[in-house]
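Below you'll find the structure, written out as structure tokens, and then a few comments.
The values are calculated or read from the model by the stated rules, or taken from the named source; none is laboratory data. Since we're looking at a predicted model, the values are computed, not measured. Cβ sites come from the backbone with ideal geometry, for glycine too, and all protein chains shown count toward neighbours.
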Amino acid sequence: MKKLALALVMAGFGFTNMAHAAGFAVVDMQRVVENSTYLKQQNDSLQQAVKPSAARVEQLNKDIQDLQNKAATAKPAEVQQLKTQYEAKVKEINSLEQNIQQRLQSTSQATGQTFTTRVQQAAEQLRKENNLDFVLNKDSALAYDAKNDLTDKMIQKVNAMK
């Protein structure tokens, strides 16, 4: 019986020490993403990069509409020429859209990797600065005290990285 009581006391002591040693904080990752100047800059840059292609696709769609309207009233000899123009424009649209999609994917992947690295570095800095064992995503915590929320500091750190 003494051994069991001693084991329970030791287990309780160990658990108490572990509970005190395990400092933690939470970060609202959705807010970090929404307030990231890096992500906003990358998005703006990407939009500017694909803008000419998107404008060209829009113009080609208008041209196709015009060709369809002309074909409705065209003479049989003109129909083949209009069909050839139509097919060329559709082919160009498909090529442009494929290029835009590839650019979006590659840029999104690179941006995501860079952003993830920045978040991890900022989390590690916050962990060390605040003598914490864990920095958790707020969505992973079932409950926490608001004083343990480091979201604003995380946003500042991520935005300060170059």
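Would you mind stating whether Asn99 is surrounded by fewer than 13 Cβ atoms within 10 Å (Cβ to Cβ), in contact with a helix residue (DSSP H, G or I) (Cβ under 7 Å, 6 or more places away or on another chain), of a type outside the set (Ser, Thr, Tyr) and not in a loop (DSSP other than H, G, I, E, B)? Taking the combined requirement at face value, the residue satisfies it. Scanning the stretch 131-145 for residues that are outside any helix (DSSP H, G or I) and of a type in the set (D, E, K, R) gives Asp133, Asp145. Confirm whether Val33 is in a strand (DSSP E or B) and of a type in the set (Val, Ile, Thr). Here the answer is no, as Val33 does not meet what is asked. With respect to Gln125, is the statement that it is farther than 22 Å from Thr37 by Cα, over 19 Å from the mean Cα position of the chain (by Cα) and in a helix (DSSP H, G or I) true? No; evaluated as a whole, the condition is false for this residue. For the residues Glu78, Glu87, Glu92, the requirement of being under 25 Å from Gln68 (Cβ atoms) and in contact (Cβ under 8 Å) with a residue 24 or more places away in the chain singles out Glu92. Ala110 meets all of the listed conditions (1) under 30 Å from Asp133 (Cα atoms); (2) among the small types (Gly, Ala, Ser); (3) at pLDDT below 95 but one, namely (3). A search for C-beta distances below 6 Å between a residue of the stretch 97-111 that is free of Cβ contacts under 8 Å to residues at least 60 places away in the same chain and any residue that is among the aliphatic types (A, V, I, L, M) and surrounded by 13 or more Cβ atoms within 10 Å (Cβ to Cβ), counting only pairs 6+ apart in sequence or on different chains, returns Ile100/Val50.
If I ask for residues that are among the acidic types (Asp, Glu) and either surrounded by 14 or more Cβ atoms within 10 Å (Cβ to Cβ) or touching a residue at least 40 places away in the same chain (Cβ under 8 Å) (or both), which ones from the stretch 126-162 would you list? Reasoning before the result, please.
Pass one, the stretch 126-162, residues among the acidic types (Asp, Glu): 129, 133, 139, 145, 149, 152.
Across the stretch 126-162, the qualifying residues are Asp133, Asp139, Asp149.
Selection of the stretch 74-90 for residues being assigned to a helix (DSSP H, G or I) and either over 40 Å from the mean Cα position of the chain (by Cα) or under 16 Å from Ala55 (Cα atoms) (or both) yields Pro76, Ala77, Glu78, Val79, Gln80, Gln81, Leu82, Lys83, Thr84, Lys89, Val90. Out of Ala71, Ala122, one residue alone is touching a helix residue (DSSP H, G or I) at 6+ places or on another chain (Cβ under 7 Å) and modelled with pLDDT under 95. It is Ala71.
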